[in-house]
């Protein structure tokens, strides 16, 4: 049954309120203070207004289709392959749609991770039906750059059709270079190798994506939204060129690239950031003479805002982050367990990470609408501003000779360092708050697994170096015993 709009008048009996009427009321409350006191600024210096009109001519950003749920991904990072395998089977039996395999040394490892060997990966996946519709996202580790090929070989050795598995192979030497500050080969030697790997996997029948442009390294190190977007875009363009240099047509090459970014508890900026990424990539596609197609975008909740002493606050932060990434159109989301800053999580922490997503999907219905903030004034304004700020920085990176050269020269690191110092200063001066650390600190008795960190940072040779973008936790200076 349908109803005509006139049957539901709601507030139709009240006269419409205008912006001018609102300003008059606000000015009365301000009592002569400038209106600008109600505005705020993002870390990129973008002005955020207190009230926005609707953007009537806006169009939805093409991304995850309405009614399509994002993939609920769970981190697999235990150093013991057999313990890791037990977690794999448990996660798949209890609601996870996919697994993120995190070798030691990967951007998302944070001191732990699977042993970066083909044998360890095979033991981790023992007993799992790789062709049962489960998504696998492999993170890249410079300690085992051949892991993608090893995983593909495992699929074939099990007699499975490569087209029947859902694997994102995650080749990302630029992200590893930025995180560790070391590369075993200069960048000029990398593109042909990337093209060869992607072409080989494609010929064998795997769907990909085969590479990933991962902006988490910028966010983890304290960077801004625009800096993370610019790094991600520059990384994707570098891989696009590498794939093309390997003889892969641009239309096929762009489909071989996935994206991964951080979602944090700044709800509005996170939504705008994920929308901006899609618009920026569409701009690149159009510049290549391609008709834009939705890219695959992954999200992970923020490491830098994790608190150790009041770990339960991380559940709230992660919930906001998942909501924001889901509304922003992420195709897959990974939640850091709320005890991650204390060590490897137990099953309760992993269950909370998983169920945070399931509740938002199944009970709140967050995925029902495609791009639900399209046309909303604040969303369109922040998305546009982030696009312009990120594009300007992206052009600066390109003018320097591309992402690898920009990293070698320290161009990106210098900008991230300024942003990180500003955030740390704001927290110290209480101009910003991190609940559970700088404000309302608390110590919670949270059990965690007592597993030693994995030390691999300097086991691979370095032909090229740069200043590493080391991850930070803004809560660390406020925590007991640190």
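For the chain, give me the percentage of DSSP beta bridges that are antiparallel, rounded to the nearest 5 percent.
About 15 percent, rounded to the nearest 5.
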- request: Rounded to the nearest Å, what's the spacing between the alpha carbon centres of segment 112-128 and segment 35-70? Just the number, please.
  value: 42 Å
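How do 381, 97 line up, fewest other C-beta atoms within 10 Å first?
Details: 381 18, 97 22.
Neighbour counts put them in this order, fewest first: 381, 97.
Per-residue counts of other Cβ atoms within 10 Å, averaged by peptide: what ranking do you get for 334-347, 360-373, 153-166, highest first? Working shown, then result.
Details: 334-347: 23.2, 360-373: 16.4, 153-166: 14.1.
Highest mean packing first, the order is 334-347, 360-373, 153-166.
Shape of segment 206-324 from its Cα gyration tensor (a ≥ b ≥ c, root eigenvalues): rounded if a/c is under 1.5, otherwise prolate when a/b > b/c, or oblate? Working shown, then result.
Working: a/c = 2.52, a/b = 2.24, b/c = 1.12.
Verdict is prolate for segment 206-324.
Once you have a ≥ b ≥ c as the square roots of the Cα gyration tensor eigenvalues for segment 90-129, tell me rounded if a/c is under 1.5, and otherwise prolate or oblate according to whether a/b is larger than b/c.
Details: a/c = 2.98, a/b = 1.40, b/c = 2.14.
Since a/c reaches 1.5 but b/c is at least a/b, the shape of segment 90-129 is classed as oblate.
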message: Taking the 0 to 90 degree range and rounding to the nearest ten, how far is the long axis of helix 147-157 tilted relative to the main principal axis of the chain, both from C-alpha atoms?
response: 60 degrees
query: Given a cut-off of under 8 Å on Cα pairs at least six residues apart, what relative contact order in percent is computed for segment 238-334?
result: 37 percent
- prompt: Between residue 163 and residue 347, how many nm apart are label points set 7 Å from Cα along the C-beta direction?
  reply: 3.9 nm
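Over segment 116-229, calculate the relative contact order: mean separation of alpha carbon pairs under 8 Å at least 6 apart, over the residue count, as a percent.
Details: 124 pairs, mean separation 30.4, N = 114.
In percent, rounded to a whole number, it is 27.
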task: Report the FRET efficiency, 1/(1 + (r/R0)^6), for residue 40 and residue 439, where r is their Cβ-Cβ distance and R0 is 25 Å, rounded to 0.05.
output: 0.90
message: Using Cβ counts within 10 Å as a stand-in for footprinting exposure, how do 378, 70, 187 rank, fewest first?
response: 378, 187, 70
- prompt: Angle between the Cα long axis of helix 81-93 and the longest principal axis of the chain, 0 to 90 degrees, nearest 10?
  reply: 50 degrees
field: For segment 380-410 and segment 306-366, distance of Cα centres in Å
entry: 30 Å
task: Arrange the following residues from fewest to most other Cβ atoms within 10 Å of their Cβ: 31, 273, 24.
output: 31, 24, 273
- prompt: Helix 313-327 versus the longest principal axis of the chain: what is the Cα-based angle in degrees, 0 to 90, to the nearest 10?
  reply: 90 degrees
field: Span from the segment 137-188 Cα centroid across to the segment 190-232 one, whole angstrom
entry: 10 Å
Computed [θ] at 222 nm, deg cm²/dmol, the chain (DSSP H ≥ 4; -39,500 (n - 2.57); rounded to nearest 500): -13000 deg cm²/dmol
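Using alpha-carbon pairs under 8 Å, 6+ residues apart, how would you state the relative contact order of the chain in percent? Before the final figure, lay out the partial values.
Numbers: 896 pairs, mean separation 99.6, N = 482.
It comes to 21 percent, rounded to a whole number.
Read-outs throughout are calculated quantities, based only on the coordinates presented, and are distinct from any laboratory measurement. Quantities reported herein were computed from a predicted structural model and do not represent experimental measurements. For neighbour counting, all protein chains shown are included, and Cβ atoms are generated from backbone atoms with ideal geometry for every residue, glycine included.
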